[in-house]
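Before any comments, here is the structure.
The values are calculated or read from the model by the stated rules, or taken from the named source; none is laboratory data. Keep in mind that what you see is a predicted model, and the values were worked out from it rather than measured. Positions of Cβ are backbone-derived with ideal geometry, glycine not excepted, and every protein chain shown enters the neighbour counts.
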Amino acid sequence: MVRLSRDTGPNAVPFAFAMAYCIRSGSAPLEYPQSTSKMLTQLDVSQNILTRVPSEAIRDLHHLLILNMNHNKINSLHARAFQGLDTLEILTLYENNIVNIDAEAFVGLEKKLKRLNLGGNKLTSIPQKALAILDNLKKLEMQENSIKDIEEGDFAGLRNLDSLGLAHNKLTQVPLRVFSHLTLLNSLELDGNNIDHVDPEAFAGLEGIKLKFER
């Protein structure tokens, strides 16, 4: 494990295994030794005070597989925020303050990204245009947001999605054909919403699905 912080005390962890646990203090820029960039496969910048994705600092991490940005203060994802991370498979942004996702936010991630966690943010709708290019995505977590409506087309493009988490939002309805594009879906979480109407054809085509639906 690599501990990428200013801590040089007895608890600092030496470089090893092309992994990184990165701590950022105050408002200083995100920095790490350039010598690690060619081999870095995991980067953890969780539990910090980042207000935006540090695109310039991470764009040359061409072997990165996992990026953990949980528990920061990011309020939006700008266009091409992750460009250059074309090997990334897991991106977690749980519990930030994200209210807006640019239509081109995930450009560059379409080849390899398999898991995306946007849970615990402040989204009020599905960022359909941003998600549409992620045709290799298998798990999408959007629980604990403020999403009020879902509609047909919101998940178009996610043809390989296996698991979708929409628990603990503000949904009141599950409309016709809203999941019609998700032909490989096996797990769907809708618990903890205020759903009072489900269209009879809402889950048509989702054979063998594991559905979590209690209020």
Based on this model, can you work out whether N186 counts as outside the structural domain of N136 (by TED's automatic domain parsing), touching a Gly at 6+ places or on another chain (Cβ under 8 Å) and not β-branched (V, I, T)?
yes
Please tell me if L161 is among the hydrophobic types (A, V, I, L, M, F, W, C), under 29 Å from L109 (Cα atoms), assigned to a loop (DSSP other than H, G, I, E, B) and not assigned by TED's automatic domain parsing to the domain that holds L123.
yes
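Per-residue answers, yes or no, for (1) within 22 Å of S55 (Cβ to Cβ); (2) at pLDDT 95 or above; (3) of a type in the set (D, E):
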{"site": "E104", "(1), (2), (3)": "yes, yes, yes"}
{"site": "I126", "(1), (2), (3)": "no, yes, no"}
{"site": "L131", "(1), (2), (3)": "yes, yes, no"}
{"site": "E152", "(1), (2), (3)": "no, no, yes"}
{"site": "L164", "(1), (2), (3)": "no, yes, no"}
{"site": "A167", "(1), (2), (3)": "no, yes, no"}
{"site": "L190", "(1), (2), (3)": "no, yes, no"}
{"site": "I195", "(1), (2), (3)": "no, yes, no"}
{"site": "F203", "(1), (2), (3)": "no, no, no"}
Sort through D154, D199 and tell me the only one that's farther than 30 Å from T41 by Cβ, touching a helix residue (DSSP H, G or I) at 6+ places or on another chain (Cβ under 9 Å) and not aliphatic (A, V, I, L, M).
D154
Exactly one of K122, K73, K114 is crowded, with 16+ Cβ neighbours inside 10 Å, among the basic types (K, R) and within 22 Å of E144 (Cα to Cα), and that one is K114
Among the residues in region 159-175, are any at positive phi, of a type in the set (K, R) and out of contact with any Gly (no Cβ under 8 Å at 6 or more places or on another chain)?
no
Taking the options T36, T41, name whichever one is in contact with a strand residue (DSSP E or B) (Cβ under 9 Å, 6 or more places away or on another chain), surrounded by fewer than 20 Cβ atoms within 10 Å (Cβ to Cβ) and modelled with pLDDT of 95 or more.
T41
I'd like to verify a number: residues in region 167-184 that are touching a strand residue (DSSP E or B) at 6+ places or on another chain (Cβ under 6 Å) and of a type outside the set (S, T, N, Q), how many?
2
Applying the selection to region 175-197, what residues are surrounded by 14 or more Cβ atoms within 10 Å (Cβ to Cβ) and in a strand (DSSP E or B)?
S187, L188, E189
Keeping to region 34-90, report how many residues are over 23 Å from L137 (Cα atoms) and outside any loop (DSSP other than H, G, I, E, B).
5
Contact list please: Cβ distance under 7 Å, first residue in region 159-173 and closer than 16 Å to L116 by Cβ, second residue among the acidic types (D, E), pairs at least six apart or on different chains.
R159/D135; N160/D135; G165/E141; G165/E189; L166/E189; A167/E189; A167/D191
Would you check if K129 is of a type in the set (K, R), in the same structural domain as E95 (by TED's automatic domain parsing) and in contact with a Ser or Thr (Cβ under 8 Å, 6 or more places away or on another chain)?
no
